[in-house]
Amino acid sequence: MPSTIMAIAAHPGDGFFTMGAAVAQHIHGGGRGVFLSLSLGERGHRTMAPKEYGPLQRAATEQAAGMLGAEAAFLAYPDGEIPFSDESSLAVCDLIRQHRPSVVVTHWSGSWHKDHQNCHAIVRDAIFYAGLPALSRAGPAGAYRAYAIDKLYFAENWEDMTNFHADTYLDVSPVYDRWVEACAKFPMWRGETGFRYDDYYRSLAVAPGCLGGFRYAVALMSSAEQRESRVRSLA
């Protein structure tokens, strides 16, 4: 069965702009991809009301995921008010158990954005909860048994750069154009909210590509425990 990568982001744009190329590359290699958005980012437009912008964000997410051959999942927390709690962590735990990803990509903790900070903490707790065999869940989630992921990575993002140190450069050259086309489904990418997201994130794929020896790459930071090495000799 193909392995699954799951991008878990506070807002849809975060998932696609910072993690989408990694998901696209995994799918290109024969795997499966899931984008989980904890909110719709409905308060991110300068002139459009949240009740109008939210549905556009959801539609863009579903369209972009379809273009990459991925699935889209959503939780319904308000933009700017994503709570770090057992309730939110268990909700993500349920989705990890359902989709059973071998790899999870999410926000780094060193962010000035409250939703990103909370998303990072939620995912860490959710991974812990998902792997506990003794933790049973009521309702439909109870049908999914405990599951431990293999690897956790944090995506490079201009909002999450405090103490971010990339240690992994993933070649995304084969999927770069498709990823850009998928991102273009979002009003933010097209510059409608003020920041030049398209220029920034397309450029961001160039510098890691230079460092990694590829045309285009994404820079990722691996979870600390993945960098541990236990050897009897350095020779």
(request) Would you check if there is a residue in the range 166-178 being over 21 Å from ARG100 (Cα atoms) and touching a Cys at 6+ places or on another chain (Cβ under 7 Å)? (result) no
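For the condition in contact (Cβ under 8 Å) with a residue 12 or more places away in the chain and open to solvent by less than 30 Å² (accessible area, probe 1.4 Å), what is the one hit in ILE122, ILE127?
On the way: ILE127 fails: open to solvent by less than 30 Å² (accessible area, probe 1.4 Å).
After applying the criteria, what remains is ILE122.
What number of residues within the range 133-171 are open to solvent by less than 60 Å² (accessible area, probe 1.4 Å) and assigned to a loop (DSSP other than H, G, I, E, B)?
Taking the range 133-171 as the starting set, the residues that turn out to be open to solvent by less than 60 Å² (accessible area, probe 1.4 Å) are 135, 139, 141-142, 146-147, 149, 152-157, 159-160, 164, 166, 168, 170-171.
Keeping just the survivors that are assigned to a loop (DSSP other than H, G, I, E, B) gives 135, 146-147, 149, 156-157, 159-160, 164, 166.
Counting residues in the range 133-171 that are open to solvent by less than 60 Å² (accessible area, probe 1.4 Å) and assigned to a loop (DSSP other than H, G, I, E, B) gives 10.
Is it the case that the range 78-88 has a residue that's of a type in the set (A, V, I, L, M), at pLDDT 95 or above and either open to solvent by 50 Å² or more (accessible area, probe 1.4 Å) or part of a helix (DSSP H, G or I) (or both)? Full working, then the answer.
First, the residues of the range 78-88 that are of a type in the set (A, V, I, L, M): 82.
Checking which are at pLDDT 95 or above leaves us with 82.
In the following step, the residues that additionally are either open to solvent by 50 Å² or more (accessible area, probe 1.4 Å) or part of a helix (DSSP H, G or I) (or both) were identified as none.
There is no residue in the range 78-88 that is of a type in the set (A, V, I, L, M), at pLDDT 95 or above and either open to solvent by 50 Å² or more (accessible area, probe 1.4 Å) or part of a helix (DSSP H, G or I) (or both).
Do you know which residues across the range 196-215 are aromatic (Phe, Trp, Tyr) and either over 20 Å from the mean Cα position of the chain (by Cα) or within 21 Å of PRO174 (Cβ to Cβ) (or both)? Step through it out loud before you land on a result.
Step one: filter the range 196-215 for residues aromatic (Phe, Trp, Tyr), giving 197, 200-201, 214.
Once the filter is applied, which keeps residues that are aromatic (Phe, Trp, Tyr) and either over 20 Å from the mean Cα position of the chain (by Cα) or within 21 Å of PRO174 (Cβ to Cβ) (or both), the range 196-215 yields TYR201, PHE214.
If you scan the range 2-54, which residues turn out to be assigned to a loop (DSSP other than H, G, I, E, B) and either on the phi > 0 side of the Ramachandran plot or aromatic (Phe, Trp, Tyr) (or both)? Break it down stepwise before answering.
To start, the set of residues in the range 2-54 that are assigned to a loop (DSSP other than H, G, I, E, B) comprises 2-3, 10-11, 29-31, 38-49.
Within the range 2-54, GLY30, GLY41 qualify.
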(request) Take the range 1-26 and flag every residue that is surrounded by fewer than 24 Cβ atoms within 10 Å (Cβ to Cβ) and either at pLDDT below 95 or in contact with a Cys (Cβ under 6 Å, 6 or more places away or on another chain) (or both). (result) MET1, PRO2
(message) So, in the range 27-74, exactly how many residues are surrounded by fewer than 16 Cβ atoms within 10 Å (Cβ to Cβ) and of a type in the set (Lys, Arg)?
(response) 2
(request) Can you give me the number of residues within the range 188-235 that are out of contact with any helix residue (DSSP H, G or I) (no Cβ under 8 Å at 6 or more places or on another chain), within 19 Å of HIS11 (Cα to Cα), open to solvent by 30 Å² or more (accessible area, probe 1.4 Å) and in a loop (DSSP other than H, G, I, E, B)? (result) 4
(message) Looking at THR193 and the list (1) touching a Gly at 6+ places or on another chain (Cβ under 7 Å); (2) more than 22 Å from THR61 (Cα to Cα); (3) not hydrophobic (A, V, I, L, M, F, W, C), which single condition is not satisfied?
(response) (2)
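Just give me the residues in the range 101-117 being in a helix (DSSP H, G or I) and open to solvent by 30 Å² or more (accessible area, probe 1.4 Å), in sequence order.
Just the residues of the range 101-117 that are in a helix (DSSP H, G or I), to begin with: 114-117.
Once the filter is applied, which keeps residues that are in a helix (DSSP H, G or I) and open to solvent by 30 Å² or more (accessible area, probe 1.4 Å), the range 101-117 yields LYS114, GLN117.
The values are calculated or read from the model by the stated rules, or taken from the named source; none is laboratory data. If you're wondering where the values come from, they're calculated on a predicted model, not measured in any experiment. Note that each Cβ is placed from the backbone with ideal geometry, even for glycine, and that neighbours are counted across all protein chains shown. These accessible areas exclude ligands, DNA and RNA; they are computed on the full protein's heavy atoms, side chains included. Shrake-Rupley method; radii C 1.70, N 1.55, O 1.52, S 1.80 Å.
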